[in-house]
Amino acid sequence: MNRVIAIFTKESFLVPVAAIILGLLTGAVAMLAGGFNPIQAYASLVEKVFGSSYNFGETIRQITPLIFTGLSVAFAFRTGLFNIGAEGQFIIGMIASTAVGISFDLPAYIHAPLAVIAGALAGGLWGAIAGWLKAARGVNEVITTIMLNWIALYFANYVVKAFYLQEGQQRSEMIKDSASISFAWLSQMFDSARLHWGTLLAILAAVFFYILLWKTKSGFELRAVGLNPHASEYAGMNVNRNVVNAMFVGGMFAGIGGACEILGVFHYQSIMAAQPGYGFDGIAVALIGGNTPLGVILGAILFGMLTFGAAGMKFGAGVPVELIRVVISSVIFFVAAHGIVKFFIKPLLQKKEGGN
Amino acid sequence: MDWGVIIGNLIHDTIVFSTALIFAALGGMYSERSGVVNIALEGMMVIGAFTGAVFTFFAQDSFGSLAPWIGLVGACIAGALFATPHAVASITFKADQVVSGVALNFLATGLSVYLTKIIFNGAGQTTTLQQVFSKWHIPVLSDIPILGHAIFEGYPTSYIAFALVALSWYLLFKTSFGLRLRAVGEHPRAADTVGINVKRMRYTAVMISGALAAMGGATIALTTTSNFSHNTVSGQGFIALAALIFGKWHPAGAMGAALFFGVAQAIKSLVQIFGLTKYVPTEVIFMLPYILTILVLAGVVGRSSAPAALGKVYDTGSR
């Protein structure tokens with residue numbers, strides 16, 4: 001019993017939970033200020049998510065890309081890198097899989113995996129650019145990944161316009177059916193919610209994340225570089241190579257996420273006026289999940305539910321959907337400034353110390 | 001069209017597009033020179049565009065043409081307030097400055113559109129403003145052929161931006177405040193030792209940063225778009241950040257970079273007029289600022305190095 005209590009009073013558990021609660025409270029204050037009923041709003045959010053099998057399926061669809069981008073940010077973080085670029089890697093994964101999905105005519109068992117792999121490699125290479133710039137030229141990866149996000153956005157739009165445009169529309173042609181990873185049978189079970197094999201891939205990716213980092217030698221190196229690059233260098237590890245590798249693997253996660261959005265959900269790529277936002281949400285997911293694979297999955301579930309359920313708040317309580325961005329950003333803020341959170345949960349932590 | 005007129009128009013448009021970038025890049029400069037990373041410029045601009053538009057909207061009936069000025073001042077104050085959580089988190093609570101910036105960017109778009117919908121009965125953008133800044137025709141000078149239209153028929157905000165560049169240069173390099181600001185960003189411990197209040201300097205810098213970036217955002221709403229919507233700013237905060245780095249954290253450099261990126265936007269409309277989009281895709285022009293910034297950072301086109309203590313938390317107790 002004491003061990004259970006120990007888990008729940010651990011800082012790595014308490015801080016995110018407190019941050020989530022504070023975030024929801026901030027949202028409630030914003031709703032009160034806007035003349036809405038926060039309790040009714042949050043209730044309709046939950047109702048939206050669990051209300052029908054279609055909505056529940058669509059929530060799963062919403063969660064899936066967040067797992068990928070969350071893993072992307074978390075993986076780089078473990079090697080001491082801040083990957084703001086999951087957004088761009090995601091977009092590059094989208095466009096690569098779109099290109100493969102439209103251009104080739106192959107049997108489904110080759111075409112779909114090929115399109116996913118194309119997304120993975122393209123996202124990985126996009127991430128590796130930032131990794132290489134850091135390793136070879138010492139450029140801060142935060143700035144380069146921000147810049148690469150915008151380059152990715154315009155590049156993808158250009159490729160769609162120049163090569164794959166569906167006449168008269170602001171989107172590409174449809175990918176070939178053989179490249180689709182939609183899960184028809186499961187989709188039917190959820191009232192034709194857009195479910196796809198990508199969700200399974202996301203969970204496998206989380207397992208891969210765990211095994212690679214904690215069960216292999218290269219994972220040990222990656223983590224060592226993250227904890228102390230100087231000591232790792234002294235121990236004979238190649239810090240620069242690890243930096244590039246970490247950004248490649250991180251980019252791969254995001255790239256697969258982008259590929260799955262195209263191959264499993266939309267089956268075409270739109271010309272985007274703005275960033276789709278999955279990469280940025282991934283930062284929130286990784287932070288709240290403490291950069292662990294299980295944490296990322298839980299974080300993705302939370303933010304996926306909030307994002308999808310926001311439409312319910314609009315319907316049930318008249319609250320504009322943007323409110324959920326206020327909640328999510330407050331959660332990120334409180335996780336970042338955990339000093340503020342610790343101030344709120346101090347009594348809990350002290351009780352633990354007293355109990356020992 | 002004759003080439004003189006075309007170039008005149010190009011310069012004119014460049015200045016219009018660059019103004020917001022100059023404000024925001026200068027804002028970023030104060031924060032980063034003091035050692036606090038500011039990737040929240042985008043969010044601060046969004047808040048500025050929003051408050052600028054809303055203040056103007058409510059002021060326009062009673063104050064007429066004075067309304068946009070009220071909007072600009074309102075944005076300035078709102079920006080400073082909005083920057084405060086970033087300062088509190090990254091200076092007092094020693095939070096990761098990048099994460100805190102990401103959070104503010106998120107918050108800005110969410111909060112501003114949320115409030116817009118509440119104020120304007122569910123509409124995603126403010127109603128079109130009746131009163132926005134109109135262009136000044138500077139007497140005599142604006143009569144000069146070509147150059148007159150290019151430079152002396154601009155929005156008042158553009159002239160304010162250029163004046164702020166000069167002022168910032170003076171402040172940064174010719175006053176004790178500037179010396180202290182730079183000292184805090186380069187070597188906070190040494191600054192602390194000689195009696196400079198590091199935390200107070202950084203708080204001031206971050207709040208100035210928010211005020212200026214917000215003025216930049218307000219400029220967009222009150223000159224080019226005449227309203228606020230979720231895509232009023234759309235990435236210009238990040239271009240401003242790029243301009244700051246491209247301009248090597250120097251006011252004149254940042255202005256030069258902002259003007260250069262402004263040309264890119266002005267050329268875009270020129271390219272469309274001449275039907276050159278076939279040869280030069282607009283996307284390539286959009287990408288240009290970001291690609292150039294990466295090249296500069298990589299040392300391909302000159303070297304750009306950040307203030308030494310940028311992003312480092314200053315802890316009075318540590319050595």
* Go through the range A:127-137 and give me each residue that's more than 8 Å from chain B (Cβ to nearest Cβ) and crowded, with 20+ Cβ neighbours inside 10 Å. => A:GLY127, A:ALA128, A:ILE129, A:ALA130, A:GLY131, A:LYS134, A:ALA135
* **Members of the range B:49-108 found to be within 21 Å of B:GLU32 (Cα to Cα) and of a type in the set (Phe, Trp, Tyr), listed by number** => B:PHE82, B:PHE93, B:PHE106
* Which one is farthest from the other protein chains (Cβ to nearest Cβ), of the residues in the range B:83-96 that are within 20 Å of B:ALA214 (Cα to Cα) and open to solvent by less than 10 Å² (accessible area, probe 1.4 Å)? -> B:ALA83
* B:ILE77: open to solvent by 20 Å² or more (accessible area, probe 1.4 Å), over 13 Å from B:VAL46 (Cα atoms) and in contact (Cβ under 8 Å) with a residue 60 or more places away in the chain, yes or no? -> yes
* Restricting the search to the range A:184-208, which residues are closer than 18 Å to A:GLU261 by Cβ and either assigned to a helix (DSSP H, G or I) or touching a His at 6+ places or on another chain (Cβ under 8 Å) (or both)? -> A:ALA184, A:LEU186, A:SER187, A:GLY198, A:THR199, A:LEU200, A:LEU201, A:ALA202, A:ILE203, A:LEU204, A:ALA205, A:ALA206
* Candidate set from the range B:228-249 (those that are touching a helix residue (DSSP H, G or I) at 6+ places or on another chain (Cβ under 7 Å), assigned to a loop (DSSP other than H, G, I, E, B) and within 12 Å of chain A (Cβ to nearest Cβ)); member that is farthest from B:LEU292 (Cα to Cα) -> B:HIS230
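Suppose we keep only residues that are farther than 17 Å from B:ALA254 by Cα and within 9 Å of another protein chain (Cβ to nearest Cβ) within the range B:286-309. Which one would you say is modelled with the highest pLDDT?
Taking the candidates together, the pick is B:MET287.
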* Which of (1) surrounded by fewer than 19 Cβ atoms within 10 Å (Cβ to Cβ); (2) over 27 Å from A:ALA99 (Cα atoms); (3) free of Cβ contacts under 8 Å to residues at least 24 places away in the same chain is the odd one out, the single condition A:PHE208 does not satisfy? -> (2)
* Lone unmet requirement of (1) open to solvent by 10 Å² or more (accessible area, probe 1.4 Å); (2) touching a residue at least 60 places away in the same chain (Cβ under 8 Å); (3) more than 8 Å from chain B (Cβ to nearest Cβ); (4) under 23 Å from A:LEU71 (Cβ atoms) for A:HIS338 -> (3)
* **Unique match (being among the polar types (S, T, N, Q), open to solvent by 70 Å² or more (accessible area, probe 1.4 Å) and facing another protein chain (nearest Cβ under 10 Å)) among A:ASN157, A:ASN140** => A:ASN140
* Structure fact -> Residues of the range A:316-326 being at the interface with chain B (Cβ under 8 Å from one of its Cβ atoms) and either among the hydroxyl-bearing types (Ser, Thr, Tyr) or assigned to a helix (DSSP H, G or I) (or both), in sequence order, are A:LEU323, A:ILE324, A:ARG325, A:VAL326
* Asked: Right, A:ALA300: more than 30 Å from B:SER229 (Cβ to Cβ), part of a helix (DSSP H, G or I) and in contact (Cβ under 8 Å) with a residue 60 or more places away in the chain or not?
  -> no
* Structure fact -> How many residues of the range B:122-153 are more than 23 Å from B:PRO68 (Cα to Cα) and part of a loop (DSSP other than H, G, I, E, B)? The answer is 5
* **Residue check for B:SER65: among the small types (Gly, Ala, Ser), within 23 Å of B:HIS187 (Cβ to Cβ) and more than 8 Å from chain A (Cβ to nearest Cβ)** => no
* Asked: Can you name every residue in the range A:283-297 that is within 11 Å of chain B (Cβ to nearest Cβ) and either open to solvent by less than 10 Å² (accessible area, probe 1.4 Å) or free of Cβ contacts under 8 Å to residues at least 40 places away in the same chain (or both)?
  -> A:ILE283, A:ALA284, A:ALA286
* To do: Please work out if A:PHE303 is closer than 26 Å to B:LYS117 by Cα and open to solvent by 30 Å² or more (accessible area, probe 1.4 Å).
  => no
* Asked: So is A:GLY80 within 14 Å of chain B (Cβ to nearest Cβ) and more than 20 Å from A:TYR278 (Cβ to Cβ) or not?
  -> yes
* Wholly within the range A:215-268, which helices (runs of 4 or more DSSP H) include no fewer than the required count, namely at least 3 residues that are touching a residue at least 12 places away in the same chain (Cβ under 8 Å) and closer than 30 Å to A:SER192 by Cβ? -> A:239-260
* Structure fact -> Note: among A:GLY124, A:GLY101, A:GLY119, just one is away from chain B (no Cβ under 14 Å), crowded, with 24+ Cβ neighbours inside 10 Å and over 22 Å from the mean Cα position of the chain (by Cα), namely A:GLY101
* Looking for whichever is in contact (Cβ under 8 Å) with a residue 12 or more places away in the chain, among the hydrophobic types (A, V, I, L, M, F, W, C), more than 14 Å from chain A (Cβ to nearest Cβ) and within 21 Å of B:PHE133 (Cβ to Cβ) here; the options are B:ILE220, B:ILE196, B:ILE208. Which one fits? => B:ILE220
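The values are calculated or read from the model by the stated rules, or taken from the named source; none is laboratory data. A quick note: this is a predicted structure, and the numbers were derived from the prediction, not measured. Here Cβ is always computed from backbone atoms with ideal geometry, including for glycine, and neighbour counts include all displayed protein chains. Just so you know, the surface numbers come from the protein's heavy atoms only, side chains and all, with ligands and any DNA or RNA stripped out. Shrake-Rupley method; radii C 1.70, N 1.55, O 1.52, S 1.80 Å.
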